[in-house]
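Data block below; observations after.
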Amino acid sequence: MEEILKLQQKIVPELIEVLEKRYNILRTIYYNEPIGRRILANRLDMGERIVRTEINFLKSQNLIEINTPGMTVTEEGEEIIDKLKSFIHEIKGLSEIESTIKISLGLKDVIVVPGDTDEDKTVLKEIGRAAANYIKAIMKSGYTIALTGGSTIKEVVDNFPKVSNLENMLIVPARGGMGRNVETQANSLAAVLSKKVGGAYKMLHVPDNLSDNLVKSMLAEKDIKEVIDNIKNADMLIYGIGRADEMAVKRGMPIEKVKKLMESGAVGEAFGCYFSMNGSAVCSTSALGINLNEARNVKNLIAVAGGKNKAEAIISTEYNNKNGTLITDEGAAREIVNLLKNNKIGI
């Protein structure tokens with residue numbers, strides 16, 4: 001298979017380009033259906049004439065349908081998307097990139113999906129789907145699963161299939177709530193995921209940026225302490241990764257403190273901890289929930305993040321994370337490999 005792919009790329013490279021283009025069009029329609037031609041062209045940054053030609057071809061092959069609300073993918077089209085995934089994966093050399101990152105960062109596993117979230121938001125849905133499938137494959141009856149909030153983790157939960165063969169599942173938020181968007185808060189996502197796995201859930205009704213005194217006071221409350229104990233004894237932690245500068249502002253950190261944080265070398269953030277490029281924790285926000293030492297002891301750590309602009313943040317949070325699995329996109333993965341080589345970190 002690999003030898004045939006290399007021969008094709010040398011002899012008929014245009015064939016690979018056309019295949020990849022049509023795969024991207026099909027995938028974008030699938031994740032945004034029903035969608036109009038003009039919006040599709042804008043999403044893919046393609047000329048309308050090119051998109052029209054490709055749409056006509058896909059329709060002639062019964063891969064899409066065109067109706068008044070817009071285009072949708074047929075069952076045959078969905079099957080093609082699934083079957084092409086591994087093919088596109090090999091064409092782009094993503095298996096080799098996965099192996100490089102896994103060894104260099106000292107991770108348990110790495111999964112890379114084609115594309116770059118920074119350029120195409122559809123790729124975030126693909127990351128969510130890949131993460132959901134991976135988590136479903138390794139989760140077991142009796143598991144306690146902790147998860148953070150955020151738009152990326154929401155994609156994981158949204159793409160999670162209903163599971164009926166598991167028992168005694170407990171889903172808990174990894175930390176208190178942050179931001180005004182209730183839909184992406186850890187409490188809400190825990191409730192949704194629990195329904196999909198047929199389990200129970202508990203909530204942590206506290207803000208994410210409490211003072212140390214308030215944290216100590218709230219830990220005395222029986223109900224809160226019970227949830228915290230569940231979080232600390234989780235079998236799996238699913239979390240997103242953010243850039244340190246962006247997350248500090250989101251968490252309402254004062255400007256002076258943000259400046260000091262950046263001066264300390266912080267580049268990435270995960271579950272309230274800020275990390276430097278070599279993986280050292282340089283700051284941790286006071287909050288009820290899991291901390292760095294507790295997180296590192298969880299046997300299944302699932303980090304989900306994408307986009308070239310998050311490459312440094314991913315390296316900083318995942319370096320030497322032996323229990324960690326990273327699920328990311330091609331844009332972030334290729335930049336991670338470049339940064340690792342240039343900075344000689346882990347290589």
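The values are calculated or read from the model by the stated rules, or taken from the named source; none is laboratory data. Predicted, not measured: the structure shown is a model, and the values here were computed from it. All Cβ positions, glycine included, derive from the backbone under ideal geometry; neighbour counts span all protein chains shown.
Brief remarks on what is shown
- Looking across segment 151-193, the residues that are in contact (Cβ under 8 Å) with a residue 60 or more places away in the chain and more than 17 Å from the chain's Cα centre (by Cα) come down to LEU170, VAL172, ARG175, GLY176, MET178, GLY179.
- The set of residues in segment 315-330 being in a helix (DSSP H, G or I) and more than 13 Å from the chain's Cα centre (by Cα) consists of ILE315, SER316, THR317, GLU318.
- Residue within segment 67-80 that is of a type in the set (S, T, N, Q), surrounded by 13 or more Cβ atoms within 10 Å (Cβ to Cβ), in a helix (DSSP H, G or I) and in contact (Cβ under 8 Å) with a residue 24 or more places away in the chain present: no
The rows are residues; the columns are (1) out of contact with any Asp or Glu (no Cβ under 8 Å at 6 or more places or on another chain); (2) hydrophobic (A, V, I, L, M, F, W, C); (3) free of Cβ contacts under 8 Å to residues at least 60 places away in the same chain.
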residue	(1), (2), (3)
LEU105	no, yes, no
LYS108	yes, no, no
ILE111	no, yes, no
THR117	no, no, no
ASP120	yes, no, no
LYS125	no, no, no
ALA130	yes, yes, no
ILE138	yes, yes, no
ILE145	no, yes, no
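- 1 or more residues surrounded by 24 or more Cβ atoms within 10 Å (Cβ to Cβ) and over 19 Å from the mean Cα position of the chain (by Cα): qualifying strands (runs of 3 or more DSSP E) within segment 243-314: 266-270
- Any hit, segment 101-111, residues being within 25 Å of ARG43 (Cβ to Cβ) and either part of a strand (DSSP E or B) or not assigned by TED's automatic domain parsing to the domain that holds ILE81 (or both): yes
- The residues listed here are ASN56, ASN62; of these, the one that is in a helix (DSSP H, G or I), among the polar types (S, T, N, Q) and farther than 21 Å from GLY331 by Cβ is ASN56.
- Listed conditions (1) under 17 Å from the mean Cα position of the chain (by Cα); (2) β-branched (Val, Ile, Thr); (3) farther than 20 Å from ARG296 by Cα are all met by THR148, apart from (3).
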